[in-house]
Amino acid sequence: MSADLVIVANRLPVDRVTLPDGTPGWRRSPGGLVSAIEPVMRANDGTWIGWPGGDDQDLEPFEDDGMHLVPIGLEPDEIELFYEGFSNATIWPIYHDLVAKPEFHREWWDSYVRVNRKFAAKAAELASEGATVWVHDYQLQLVPQMLRDLRPDLRIGFYLHIPFPPAELFQQLPWRRQILEGLLGADLVGFQLPGGAANFVRLVRQRVGHKTHRDLVYLPDGRTVRAAAFPISIDAAGFEKLALTESVVARAAEIRQALGNPRRIFLGIDRLDYTKGIYARLRAFAELIEDGHFDVEDAVFVQVAVPSREQVEQYRILRDEIDRLVGRINGDLGRIGRPAISYLHTSYPREEMAALYCAADIMVVTPYRDGMNLVAKEYVACRTEDDGALVLSEFAGAADELRQAWLVNPYDLNGMKSALLEAYQSDEKDLTRRMKAMRKTIRQHDVAAWADSFMAELATFSHSTHAKTVRPARRS
Ligand code: G6P
């Protein structure tokens, strides 16, 4: 079967898991990428190629919730070298400001090339004549050029969900030129922020030597590639609706009750990742109690840490550090039935997330570097009464749009303490003014608008005049 729209992402929207009774089942994949692409898929009857997690090799294509999914199996050594290695221990830290030290291994790179080739071959096989193929994220940066070599008739878009680093950092990569050339296979290369697009164009000029003008790159073969920002978003109306359902409202009340109805509930929800700044934020909260600004009877911090990349060493180290910190803070500051931090190492379905957002007075999102951070946007969408405070890192992409949040530098512990305290003490009027403005922003720039603008731009920019047109995600 061939498709007019093919999505290529490292992950499928569902992940292969073993259920408690030992049988195999499916669970929604972690991360913001999946929730953002789903609406485009539904509107277009497309095909989604991705890894289903685990090392099953022969899973057949299947339908899930109206989406046509094509699993690509990864061998155990590919999981280790391509996924855990090059994607998550080389590219991930370099693209996130070197928050952790990246490792460079030639066999990781070789595996990255091989797996990218596998994804490109599958996309080439499934795309119909003149189809649109939309490739996603840092795990697949070589796919655009590989695919163009195989299928010059296609319209190819690429979107990077994480930050694109400044030249000074990117240059460390021994394979910097190959990665830039891989991305240039696309007609349109999308980034979260204008700064990422500018970094890319500058690097292409300096390292590959192509002519550029503003956001355009002119290739010797006559093609023009555009690099531009498309800040990603969420299904704002969907979250708002969810927050108003009876079961979510009731669950939010139950959560508050279970926490002992404190005056204020602080909340953090993140993949357990060293870029997220979980450690520093918990310390800031604990110090506010130690300094006597409030007590465990007044405030509790709920931290949900979604298990992530557990085979990668840096992630294991982080988990141990957070475990120790939470234990120490609760041991020092908690009372019977009143821990200072309620720590949950698990993932929750959308309904429970919405209930947590509704229950929380202060949402704390303090990454050292983050492409966008959809949790911040989800919190805002769920505050249907225009209350609640958002404390947000300046270094999350979302800070560009959510200007009315308490913006903080996550490296500045005292600054973070002041912001948390201000949010804790702020009055209703101030909260309403801020939240109203932020909700308006999120409503206007939802995920459908994001996908539509990318698709519209891709259609304009395609080299191929006979490529088919893809319907926008927004249905009016
Ligand atoms: C981020 C990345 C995604 C990734 C997700 C979950 O959101 O941008 O590409 O899928 O994290 O990480 P994982 O390694 O579990 O796929």
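The values are calculated or read from the model by the stated rules, or taken from the named source; none is laboratory data. Model, not experiment: these values are computed from the prediction. A quick note on method: Cβ atoms are made from the backbone with ideal geometry, for glycine too, and the neighbour counts reach across all protein chains shown. The accessibility values were calculated without ligands, DNA or RNA, using every heavy atom of the protein model including side chains. Shrake-Rupley method; radii C 1.70, N 1.55, O 1.52, S 1.80 Å.
Which members of the range 221-266 meet the condition of being assigned to a helix (DSSP H, G or I), β-branched (Val, Ile, Thr) and either modelled with pLDDT under 95 or within 24 Å of Pro339 (Cβ to Cβ) (or both)?
Ile255
Evaluate the following for Gly46: is it within 16 Å of the ligand (Cβ to nearest atom), touching a His at 6+ places or on another chain (Cβ under 8 Å) and either aromatic (Phe, Trp, Tyr) or outside the structural domain of Tyr348 (by TED's automatic domain parsing) (or both)?
no
Given the residues Ala451, Ala405, Ala398, Ala419, which is the only one that is hydrophobic (A, V, I, L, M, F, W, C), within 22 Å of Asp295 (Cα to Cα) and in contact (Cβ under 8 Å) with a residue 24 or more places away in the chain?
Matching residue, one of Ala451, Ala405, Ala398, Ala419: Ala419.
Based on this model, can you work out whether Asp15 counts as charged (D, E, K, R), outside the structural domain of Ile269 (by TED's automatic domain parsing), buried (at least 16 other Cβ atoms within 10 Å of the Cβ) and at pLDDT 85 or above?
yes
Quick one: Leu140 ticks every box in (1) within 21 Å of Phe170 (Cα to Cα); (2) without any contact (Cβ under 8 Å) to a residue 60 or more places away in the chain bar one, so which box is it?
All conditions are met except number (2).
From the list Asp295, Asp273, which one is open to solvent by less than 10 Å² (accessible area, probe 1.4 Å), assigned by TED's automatic domain parsing to the domain that holds Gly331 and without any contact (Cβ under 8 Å) to a residue 60 or more places away in the chain?
Among Asp295, Asp273, only Asp273 is open to solvent by less than 10 Å² (accessible area, probe 1.4 Å), assigned by TED's automatic domain parsing to the domain that holds Gly331 and without any contact (Cβ under 8 Å) to a residue 60 or more places away in the chain.
Of all residues in the range 248-270, count the ones that are buried (at least 21 other Cβ atoms within 10 Å of the Cβ) and free of Cβ contacts under 8 Å to residues at least 12 places away in the same chain.
So the count comes out to 0.
Here are Ser418, Ser426: which of them is open to solvent by 40 Å² or more (accessible area, probe 1.4 Å) and either among the polar types (S, T, N, Q) or under 23 Å from the mean Cα position of the chain (by Cα) (or both)? Steps first, please.
Details: Ser426 fails: open to solvent by 40 Å² or more (accessible area, probe 1.4 Å).
It is Ser418.
Tell me yes or no: at least one residue of the range 118-135 is surrounded by fewer than 20 Cβ atoms within 10 Å (Cβ to Cβ) and farther than 27 Å from Glu38 by Cα.
No; the residues of the range 118-135 include none that is surrounded by fewer than 20 Cβ atoms within 10 Å (Cβ to Cβ) and farther than 27 Å from Glu38 by Cα.
Taking the residues in the range 301-337 that are part of a strand (DSSP E or B) and of a type in the set (Val, Ile, Thr) as candidates, determine which candidate is farthest from Tyr357 (Cα to Cα).
Only one residue fits best here, namely Val306.
Among the numbered criteria (1) within 30 Å of Asp446 (Cβ to Cβ); (2) open to solvent by 50 Å² or more (accessible area, probe 1.4 Å); (3) more than 12 Å from the ligand (Cβ to nearest atom), which single criterion is violated by Arg28?
Result: Arg28 passes all but (3).
Considering only the range 312-371, state which residues are farther than 25 Å from Ile234 by Cβ, within 16 Å of the ligand (Cβ to nearest atom) and of a type in the set (S, T, N, Q).
Gln314
If you take the residues of the range 46-85 that are loosely packed, with under 14 Cβ neighbours inside 10 Å and under 22 Å from the mean Cα position of the chain (by Cα), which of them is modelled with the lowest pLDDT?
Asp65
Residue by residue, here is whether (1) in contact (Cβ under 8 Å) with a residue 60 or more places away in the chain; (2) under 19 Å from Val135 (Cβ atoms); (3) within 16 Å of the ligand (Cβ to nearest atom) holds:
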residue	(1), (2), (3)
Val6	yes, yes, no
Arg16	no, no, yes
Ser35	yes, yes, yes
Pro52	no, yes, yes
Met67	no, yes, no
Ile72	no, yes, yes
Ala100	yes, no, yes
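Does Gln139 meet the test of being open to solvent by 50 Å² or more (accessible area, probe 1.4 Å), at negative phi and either within 16 Å of the ligand (Cβ to nearest atom) or not assigned by TED's automatic domain parsing to the domain that holds Arg350 (or both)?
No.
Test each condition in (1) within 16 Å of the ligand (Cβ to nearest atom); (2) polar (S, T, N, Q); (3) open to solvent by 10 Å² or more (accessible area, probe 1.4 Å) for Thr245 and report the one that comes out false.
(1)
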